[in-house]
Amino acid sequence: MSLLEVENARVAFPTARGLLTAVDGVSLSVDEGRVLGIVGESGSGKSVLSRAIMGLLPRSARTGEAMRIRLGGRELGALPERELRRLRGREMAMIFQDPMTALNPVMTLGDQIGESLRLHLGMGRRQARDRSVELLAAVGLPQPATRVDQHPHQLSGGMRQRVAIAIALACDPRLLIADEPTTALDVTVQHGILDLLQAQSRERGMAMILITHDLGVVAGRADEVAVMYAGRVVEQAPTRALFAAASMPYTRGLLASIPRIEDAPGRRLEAIGGRPPDLVSPPAGCAFSPRCAHASDLCRRQAPGLEDGGATRFACWHPALEAAE
Amino acid sequence: MNALLRRAGRLAVVLAVVTLITFLLVAALPGDVALDIAGADATEQEVAEIRAEIGLDRSLAVRYLDWVSGIVTGDWGQSWRTGERVWDAIAQRVPASLELMVLAQIIAVSLAIPAALLCARAPDGRVDRAIGFLAFGSVSMPSFMTAVLLILLFSLTLGWLPATGYEPLSAGLWENLRPMILPALSLALVEWTALMRTLRAEMIGVLQENYIALARAKGMSDRRILVVHALRPSSFSMITLLGLQVGRLMGGSIIIEQIFGIPGVGRLLVTSVFSRDFMMIQGCVTFFALAYVLANFCTDLAYARLDPRVRGLGGKAGAHG
Amino acid sequence: MADVAAPMPAAVEDRHAEAIAAHRRRRRLGPMFWIPAAWLVVLILAAAAAPWLGLAPPDEIDWMAIQAPPGVENHILGTDVLGRDILSRVLHGARVSLTVGFAAPAIGVGIGLALGLAAGYFRGWVDEVVGILIDAWLAIPGLAVLLLFSAVFGGSLSMVCLSLGLLFIPAAARITRAQTLSYANREFVLAARAMGASDARILLREVLPNIVWPLMAFVMIDIPIAIVVEGALSFLGLSVKAPTPSWGGMIAEGREHIEDSSWISLIPTAVMFVTVLSFNLAGDVIRRRFADTREAAL
């Protein structure tokens, strides 16, 4: 049994123009201690999916009745809010995209970390403070004993993201969801943060979902990658296999847009033409078909299902098999 | 530091303008004080002597400068009616006024905060609408009307609280508070609505912030998120408003002190206007303006204490990392 | 999660129906507007027609009915301590309250508009002087100013309107100044200036039309405030002189007899409360709609 099992996740939001389907029937699972990368453009539904897992959807969200999310075998949708709260922060934790706004400006770092410790682990004030200092040291914050009493505005963006990681790690969760943890950061500190996340997840045997729009981020860090497009998983494979041979044209497009060190300077990166589809009235057939060079009449008529082919799954009528081009 | 000096300079100019406006208005009051003091059957000679004695024979400019320089040096003048020193008269009445306003603000804030929390929890929900409507009703009820109704209910019908009177603190805390409850409530029932709306609006914004999402992700309860995480960063506009409201509160206290017979500065002003006690009127209005300016200065200080980002400025802890 | 998110409706057609219904809901003004508006219309008409409604004159003493409770023959709402008809006095008092309610904000906003335009357009020392005047004006409690004014100039209706109007200057001036600042550097103003238009022409033709509407929303908030402050003033006996009836004055007169003849105070209290509440509610609906249409236009 996997640690996290998501079945048929479906989330929509009412808007002035109609219902916007952000996540449209996603199923995936993460095993204990493994790292799953979820990759997609903004608006592909990856962040909404992560919030659905955490049970943090806004009130206006509507979820599909067949949606099941199980953590360690427990069905989260069936739990009362009280029980769910006990899991959040303790069994599953989350890191947000923008560290500049993710920390409370009027609370000290120690209070923000210690809060979880005191609530979930029943620590006393003194004990929680000591543990907070240890956690700050563990995430590589210099002078943790002084920093613990400082406020977020006294730290740089990269340092704040380290604090956010310390908050997430506080109660040793079994699952960590990192939603674009480096997107808002300077390129120079991005690697440090990603390495820290990877090291911590290994050290603690903690499963992690690493959400990003950049396939380059998951390379070498995730065990498995799921590519999302227009609210659906369009391809899922072990990371190596995916990088070696992507089947779905959209994934291939994403791969082509990663800058490589061996590239000659000034080489133009290939961007995928067109724009992501309108999720209030998505195109008939495959959602990617309007932007796909290989689209046929079949693609425009009928959406391909996610074929269950063992380790590698993809949703495409015309997969490029074994780098056929 | 420069900005602080600039502000202080501007405040001085503002206060100078306030005293000038007050002085000119009082000088324009109809009636002849000298004649009033001398009595109806005084000779013209006697009236002229009195006029010279209290300095009314000098030009307006000289009288103004004389009065203002007195205020700067701490001599606020003397009532021509009662012979009281103006400053002593005001100082003696400050405690009652201050207590009334502080109590009113305390009641207003303690009504506004829970109401705003309930509203911000589910904006446009049933609770939000109900409280919003209540606030409309409350703000449509001027304090003097509230006062009349409160007296009718709590003093005359139920007999729980006195309708008028004032006891100094030396008479005991409860004895002192008892007659203050209805007046303070009358003021607070108008003031809380603006505080509530401001706090609600800012809090709805704050609840959209990422750090609130993070608090949720940490498994914090709704109540803890509202009270511990959202309240403080949401309260900056409300704090500013608390300072601005001091002006309105002083205006309100004038009429409330009159209704409940509280010996405060507001009542002194009303009595002085009715008896045309010029020096006293000038003194009271100047005092109110000073108090207003001071209150807003204190608000800024409180603001800095609440927001660590502001506190850091000028202090030793700057932004670095 | 079940308590956070509702199940998704099955039918796709629901989407459009829902959007259209939401749109309709926004367009309708609703009972929160029409009920207060109806009261205000009735009150304004009755106040205007008060002398011709066949009621006893507001200062006529009915010796046969002193302190008569509501429902007595000839006096639907009863009489006061002097045997004067309360309905008649309430309606004549409404003339005072409504006149002040409309005139004072108009005066204050008019002056504030001129000051704010000058400060925002010319900047520099004009701005500085206006700023100091406004700050000084704000530092004096409104009621203290009014006390002085009424003592200096006496209690005629026009003086009450004027002195009350002064209270609305600071806020109006600040709003106008801010709006003027934001428009003074827009392309169409710069274009007009480049074509050699005079300052007065630019202010009246280019800037003014753009800031009038936000100010109108502001006037709507001021009407109930003006009515309340006039009430406070007349409660203290410093508004229009007796025997002209005013709501605040009636409440004050009835206060001494509130234990045995509570209606003398309570009737004007209720009328004033309902009127102020109506202005607030109707004003709020209009303001929201105004904000909605502005958002839609952007």
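Read the figures in this text as sums done on the coordinates, not as results from a lab. What you see is a predicted model, and the numbers here were worked out from it, not measured in a lab. Here Cβ is always computed from backbone atoms with ideal geometry, including for glycine, and neighbour counts include all displayed protein chains.
Tell me the angle of helix C:157-166 to the major Cα principal axis of chain C, expressed in degrees between 0 and 90 and rounded to the nearest ten.
40 degrees
Starting from 0 in steps of 10 Å, tell me what percent of the Cα-Cα pairs of chain C lands in each bin.
Pairs per bin, as whole percents: 6, 21, 24, 20, 15, 10, 4, 0.
By how many degrees, between 0 and 90 and to the nearest 10, does the Cα long axis of helix C:31-48 differ from the longest principal axis of chain C?
It works out to around 50 degrees.
Relative contact order of segment C:32-297: what whole-number percent is it, with Cα pairs under 8 angstrom and at least 6 residues apart?
Numbers: 369 pairs, mean separation 66.7, N = 266.
Taking the mean separation of contacting Cα pairs over the length of segment C:32-297, I get 25 percent.
Could you pull out every residue, at least 5 positions away or on a different chain, whose amide H is within less than 5 Å of the one on B:Gln78? Hs are placed 1.01 Å off N in the peptide plane, and Pro or chain starts have none.
Residues meeting the criterion, in which the H sits 1.01 Å from N, are B:Val86.
Pairs of Cα atoms under 8 Å, at least six residues apart: use those to get the relative contact order of chain A, whole percent. Could the numbers behind the result be given before it?
Details: 619 pairs, mean separation 65.8, N = 325.
Contact order relative to length: 20 percent.
Through the Karplus equation 6.51 cos²θ - 1.76 cosθ + 1.60, θ set to phi - 60°, convert the phi angles of segment A:53-60 into ³J(HN,Hα) values in whole Hz; use x for Gly and Pro.
5, 6, x, 10, 5, x, 4, 6
What number, rounded to the nearest 500 deg cm²/dmol, is the helix-based mean residue ellipticity at 222 nm of the protein assembly as shown, given -39500 (n - 2.57) per DSSP H run of at least four residues and division by all its residues?
Numbers: 37 runs with 537 residues, N = 944.
It comes out at -18500 deg cm²/dmol, rounded to the nearest 500.
How large is Rg/Rh for the protein assembly as shown, to two decimals, with Cα atoms and a Kirkwood Rh?
Details: Rg = 35.1 Å, Rh = 33.1 Å.
Using only Cα positions, Rg/Rh for the protein assembly as shown is 1.06.
Once phi is turned into θ = phi - 60°, what whole-Hz ³J(HN,Hα) does the Karplus curve with 6.51, -1.76 and 1.60 give for every residue of segment C:174-188, x standing for Gly and Pro?
Values per residue, Gly and Pro as x: 5, 4, 4, 4, 4, 5, 4, 4, 6, 8, 4, 10, 6, 4, 5 Hz.
What are the extents of the Cα atoms of chain B along their three principal axes, in Å, largest first?
If we take the Cα atoms of chain B, the spans are 87, 59, 36 Å.
Rounded to whole Å, give me the distance from the Cα center of segment A:283-301 to that of segment A:110-164.
50 Å
Label-point separation (nm) for B:Leu35 and A:Arg17, each offset 7 Å from Cα along Cα-to-Cβ?
7.9 nm
Report the calculated FRET efficiency for B:Thr240 and B:Val94 (r = Cβ-Cβ distance, R0 = 25 Å), to the nearest 0.05.
Values: r = 24 Å, r/R0 = 0.97.
After rounding to 0.05, the efficiency reads 0.55.
Bin all alpha-carbon pair distances of segment B:178-312 at 10 Å intervals from 0 and give each bin's fraction as a whole percent.
All Cα pairs, binned at 10 Å, distribute as 11, 29, 28, 18, 10, 4, 1 percent.
What is the set of long-range amide H partners of A:Met228 at a cut-off below 5 Å, with H atoms built 1.01 Å from backbone N?
Under 5 Å from the amide H of A:Met228 lie the amide H atoms of A:Val39, A:Gly40, A:Val234, each far enough along the sequence or on another chain.
Could you grab the relative contact order for chain B? Cα pairs under 8 Å, six or more apart, rounded to a whole percent. Walk me through the intermediate numbers first.
Numbers: 315 pairs, mean separation 72.1, N = 321.
Relative contact order of chain B: 22 percent.
In degrees from 0 to 90, rounded to the nearest 10, what is the angle of the helix B:173-206 Cα long axis to the longest principal axis of chain B?
So the helix axis and the longest Cα principal axis differ by about 50 degrees.
Running a GNM on chain C with Cα contacts under 10 Å, which residue among C:Val276, C:Val240, C:Val129 ends up with the highest mean-square fluctuation?
Per the Cα network of chain C with a 10 Å cutoff, C:Val129 tops the list.
For C:Val72, what residues show an amide H to amide H distance below 5 Å, using hydrogens built from the backbone and excluding near sequence neighbours?
Close amide H contacts, sequence-distant or interchain: C:Gly78.
From the backbone phi of segment B:9-25, what are the Karplus-calculated ³J(HN,Hα) couplings (6.51 cos²θ - 1.76 cosθ + 1.60, θ = phi - 60°) in whole Hz, Gly and Pro given as x?
x, 5, 4, 4, 4, 4, 5, 4, 5, 4, 5, 5, 4, 4, 4, 5, 4
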